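Asks: The following block contains the structure, expressed as structure tokens.
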Amino acid sequence: MGKVAFVFPGQGAQAVGMGKDIYDAVPSSREIFETADKVLGFDLSTMIFEGPDAELKQTFNTQPALLTTSIAYLEALRVKGIQADYVAGHSLGEYSALVAAGALSFADAVSIVRARGNFMEKAVPGGQGAMAAVLGADREALSQLCVEVSESGHIVELANINCPGQIVISGSYLGVAAVSERVKEAGGKRAISLEVSGPFHSSMMKVAAEQLEVELNSVSFQEPKISVVANVTAQSVTSGEALSKLLVQQVYSPVLWEDSINYLIGQGVDTFVEIGPGSVLTGLIKKIDKTVKLININSLESLEKAL
């Protein structure tokens, strides 16, 4: 029998109204939303359920909102006794994975990601950073192109290795623009500019990482009860202390999502359950390996269907 991995989405999956069905139907899921409101000291739940969308899209709101909603759906699965062999999350989703693995309490996680969002939002002045999704490019050729442009004085780096044919680049506005204009040199079809508030997962985020490290050092990490596959290494991590250090590096390092999924498949995982809003990760995994089983838990209806 194959193994199961729970995977959790990151920023970009948010939508006003997410999680309201599970809040209404499952008491332990409702408690997750109530805990978030209490820890953060404001009514995050109302913002999630009613908006406005512009407020929910602000990084320091988006991050705790997505974590809260993902863990609320996870709680609904836990009530039914369903467990995973591995967990992983895409960028912000790694915090959901750590909560799922028992390495970090939800209360600590929601407090940290609120601060993380704030640090990331403020790390680079508006308009100076950018990100773009590059379609069809060769990974090594695109990496080399980024190095060439960076050597000219405009920082640009690989940020998310999502799946074959989809890599996100990040860095200065001029650096991302320069690579975007030259993607065909790396075998790429085109580059699509992303609506983001900063150059996430680039070296321009090191200031945010330093601030985050202080926050992470103030909370207690436990040894995970389920193996966590980290974004930075695409390998299993079984030490709470190591996970804390990797979260610092994650802010300015590329998310090795394609590598992480291939690692999990190599460990015998044949079923991936995406838990949280949207279905972005399900789409990416399908492009990495069409043979694995994919389950999406992003609504009460999808939960009942899966069960």
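The values are calculated or read from the model by the stated rules, or taken from the named source; none is laboratory data. Just so we're clear, the structure is a prediction, and the values are computed from it rather than from any experiment. Every residue, glycine as well, gets a Cβ built from its backbone with ideal geometry; the counts of neighbours run over all protein chains shown.
Asks: Anything in the stretch 262-278 that is crowded, with 17+ Cβ neighbours inside 10 Å and without any contact (Cβ under 8 Å) to a residue 60 or more places away in the chain? List them, or say none.
Replies: First pass over the stretch 262-278, keeping only residues crowded, with 17+ Cβ neighbours inside 10 Å: 263-265, 269, 272-278.
Answer for the stretch 262-278, where residues must be crowded, with 17+ Cβ neighbours inside 10 Å and without any contact (Cβ under 8 Å) to a residue 60 or more places away in the chain: TYR263, ILE265.
Asks: Give the residue, chosen from VAL183, VAL196, that is in contact (Cβ under 8 Å) with a residue 12 or more places away in the chain and either farther than 17 Å from GLN144 by Cα or among the acidic types (Asp, Glu) (or both).
Replies: Working: VAL183 fails: either farther than 17 Å from GLN144 by Cα or among the acidic types (Asp, Glu) (or both).
VAL196 is the lone residue from the list that is in contact (Cβ under 8 Å) with a residue 12 or more places away in the chain and either farther than 17 Å from GLN144 by Cα or among the acidic types (Asp, Glu) (or both).
Asks: Restricting the search to the stretch 180-195, which residues are closer than 30 Å to LYS290 by Cα and either in contact with a strand residue (DSSP E or B) (Cβ under 8 Å, 6 or more places away or on another chain) or assigned to a helix (DSSP H, G or I) (or both)?
Replies: SER180, VAL183, LYS184, GLU185, ALA186, GLY188, LYS189, ARG190, ALA191, ILE192, SER193, LEU194 - these are the residues of the stretch 180-195 that are closer than 30 Å to LYS290 by Cα and either in contact with a strand residue (DSSP E or B) (Cβ under 8 Å, 6 or more places away or on another chain) or assigned to a helix (DSSP H, G or I) (or both).
Asks: Quick check on this structure: which one of LEU247, LEU243, LEU256 is out of contact with any helix residue (DSSP H, G or I) (no Cβ under 7 Å at 6 or more places or on another chain) and surrounded by 19 or more Cβ atoms within 10 Å (Cβ to Cβ)? Steps first, please.
Replies: Details: LEU247 fails: out of contact with any helix residue (DSSP H, G or I) (no Cβ under 7 Å at 6 or more places or on another chain); LEU243 fails: out of contact with any helix residue (DSSP H, G or I) (no Cβ under 7 Å at 6 or more places or on another chain).
Answer to the selection: LEU256.
Asks: If I filter the stretch 294-307 down to residues being in contact (Cβ under 8 Å) with a residue 24 or more places away in the chain and not hydrophobic (A, V, I, L, M, F, W, C), which single residue comes out as surrounded by the most Cβ atoms within 10 Å (Cβ to Cβ)?
Replies: Top of the filtered list is ASN298.
Asks: Quick check, is TYR252 within 23 Å of GLU140 (Cα to Cα), aromatic (Phe, Trp, Tyr) and more than 15 Å from the chain's Cα centre (by Cα)?
Replies: Numbers: within 23 Å of GLU140 (Cα to Cα): yes; aromatic (Phe, Trp, Tyr): yes; more than 15 Å from the chain's Cα centre (by Cα): no.
No; evaluated as a whole, the condition is false for this residue.
Asks: Suppose we filter ALA103, ALA130, ALA177 for residues that are part of a strand (DSSP E or B), at pLDDT 95 or above and over 16 Å from the mean Cα position of the chain (by Cα); which single one remains? Break it down stepwise before answering.
Replies: Working: ALA103 fails: part of a strand (DSSP E or B); ALA177 fails: part of a strand (DSSP E or B).
Within the list ALA103, ALA130, ALA177, the selection yields ALA130.
Asks: Let me ask you something else. Going through the stretch 16-39 one residue at a time, which ones are among the hydrophobic types (A, V, I, L, M, F, W, C) and either surrounded by 16 or more Cβ atoms within 10 Å (Cβ to Cβ) or closer than 21 Å to PHE272 by Cβ (or both)?
Replies: Taking the stretch 16-39 first, the residues among the hydrophobic types (A, V, I, L, M, F, W, C) are 16, 18, 22, 25-26, 32-33, 36, 39.
Selection gives VAL16, MET18, ILE22, VAL26, ILE32, PHE33, ALA36, VAL39.
Asks: Working only within the stretch 142-167, note down all residues that are closer than 17 Å to LYS189 by Cα, free of Cβ contacts under 8 Å to residues at least 60 places away in the same chain and within 21 Å of the chain's Cα centre (by Cα).
Replies: ILE167
Asks: Right, something else. I need a count of the residues in the stretch 1-14 that are surrounded by fewer than 16 Cβ atoms within 10 Å (Cβ to Cβ) and touching a residue at least 40 places away in the same chain (Cβ under 8 Å).
Replies: Within the stretch 1-14, the first condition is being surrounded by fewer than 16 Cβ atoms within 10 Å (Cβ to Cβ), and the residues that meet it are 1-3.
Next cut, touching a residue at least 40 places away in the same chain (Cβ under 8 Å) only: 2-3.
Final tally of qualifying residues: 2.
Asks: What's the total number of residues in the stretch 41-53 that are more than 10 Å from VAL16 (Cα to Cα) and either surrounded by 17 or more Cβ atoms within 10 Å (Cβ to Cβ) or modelled with pLDDT under 95 (or both)? Talk me through it step by step, then tell me what you get.
Replies: Going residue by residue through the stretch 41-53, those that are more than 10 Å from VAL16 (Cα to Cα) are 41-45.
If we keep only those that are either surrounded by 17 or more Cβ atoms within 10 Å (Cβ to Cβ) or modelled with pLDDT under 95 (or both) too, we end up with 44-45.
Here the count works out to 2.
Asks: While we're looking at this one, here's another question. Could we say that LEU98 is modelled with pLDDT under 95, buried (at least 21 other Cβ atoms within 10 Å of the Cβ) and in contact with a strand residue (DSSP E or B) (Cβ under 7 Å, 6 or more places away or on another chain) here? Please lay out each step first, then the result.
Replies: Values: modelled with pLDDT under 95: no; buried (at least 21 other Cβ atoms within 10 Å of the Cβ): yes; in contact with a strand residue (DSSP E or B) (Cβ under 7 Å, 6 or more places away or on another chain): yes.
No, not satisfied.
Asks: For the stretch 101-140, which positions are surrounded by fewer than 21 Cβ atoms within 10 Å (Cβ to Cβ) and in contact with an Asp or Glu (Cβ under 7 Å, 6 or more places away or on another chain)? Explain how you work it out, then say what you get.
Replies: Filtering the stretch 101-140 for residues surrounded by fewer than 21 Cβ atoms within 10 Å (Cβ to Cβ) gives 102, 105, 107-108, 111, 115, 118, 121-122, 125-128, 133, 135-136, 138-140.
Answer for the stretch 101-140, where residues must be surrounded by fewer than 21 Cβ atoms within 10 Å (Cβ to Cβ) and in contact with an Asp or Glu (Cβ under 7 Å, 6 or more places away or on another chain): just ALA115.
Asks: If I filter the stretch 165-187 for residues that are touching a Leu at 6+ places or on another chain (Cβ under 8 Å) and among the charged types (D, E, K, R), do I get at least one hit?
Replies: yes
Asks: Given the conditions (1) within 16 Å of the chain's Cα centre (by Cα); (2) at positive phi; (3) not acidic (Asp, Glu), report the number of the one that GLY81 does not fulfil.
Replies: (1)
Asks: Among the residues of the stretch 221-241, is any over 22 Å from GLN58 (Cβ atoms) and in a helix (DSSP H, G or I)?
Replies: First, the residues of the stretch 221-241 that are over 22 Å from GLN58 (Cβ atoms): 221-241.
Filter again for in a helix (DSSP H, G or I), leaving 240-241.
Scanning the stretch 221-241 turns up at least one residue that is over 22 Å from GLN58 (Cβ atoms) and in a helix (DSSP H, G or I).
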